[in-house]
Amino acid sequence: MSFSNLAVKIRNFRIVKTAVVGLTATAVDLLTLTVLIQFFEFGARAANVPALLLSVSVQFWGNRCYVFEAQAGHLWKQLAGFIAIEIGSLGLIALSFHFAVEWIPLHYIYVRLICTTCVFFLFSYPMWHLNFLPLGKKGAPDPS
């Protein structure tokens, strides 16, 4: 297998694509937060919501257009489903962290990462599949 074929296969591997979108959304969140606080003199609390909204927008569009290539789907239905999934994820992360931080003898940052990762793999990612690729749909064909 040539390097270019390997690159195409990796690019089309959804979990890798999801990681790219997640890292991009995180970078947008942190960059927006920093710019609003450092250059526009927002307080951290005031900058929080705009930064999160922008990063969630990157996450939605990245999942819709890049990860699942689901542009043919109904935009408002996908957006409503995505919002519902994100609300569910938030609740599951909050609930799991509430208990895990008492049970797991690690620093709270590591516990948060464990909870977030578990919710991502066990809830968010599978639900995004259902939201962006309804049952029976395969998404865009593999170009290889």
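The values are calculated or read from the model by the stated rules, or taken from the named source; none is laboratory data. In this text the structure is predicted, and so the values were computed from the model without any measurement. Positions of Cβ are generated from backbone atoms using ideal geometry, with glycine treated the same way; all protein chains shown enter the neighbour counts.
Overview of results
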{"quantity": "When residues of segment 15-71 are limited to those that are of a type in the set (S, T, Y) and out of contact with any Asp or Glu (no Cβ under 6 Å at 6 or more places or on another chain), the one farthest from F121 (Cα to Cα)", "calculated": "T34"}
{"quantity": "Residue that is farthest from T18 (Cα to Cα), among those in segment 33-73 that are surrounded by fewer than 19 Cβ atoms within 10 Å (Cβ to Cβ) and of a type in the set (S, T, N, Q)", "calculated": "Q38"}
{"quantity": "Any chance I87 is loosely packed, with under 12 Cβ neighbours inside 10 Å and either assigned by TED's automatic domain parsing to the domain that holds C115 or of a type in the set (A, V, I, L, M, F, W, C) (or both)", "calculated": "yes"}
{"quantity": "Any hit, segment 8-22, residues being touching a residue at least 40 places away in the same chain (Cβ under 8 Å), in the same structural domain as L133 (by TED's automatic domain parsing), surrounded by 12 or more Cβ atoms within 10 Å (Cβ to Cβ) and over 13 Å from the mean Cα position of the chain (by Cα)", "calculated": "no"}
{"quantity": "Scan of segment 100-138 for residues that are modelled with pLDDT of 95 or more and loosely packed, with under 11 Cβ neighbours inside 10 Å, ordered by number", "calculated": "E102, W103, P105"}
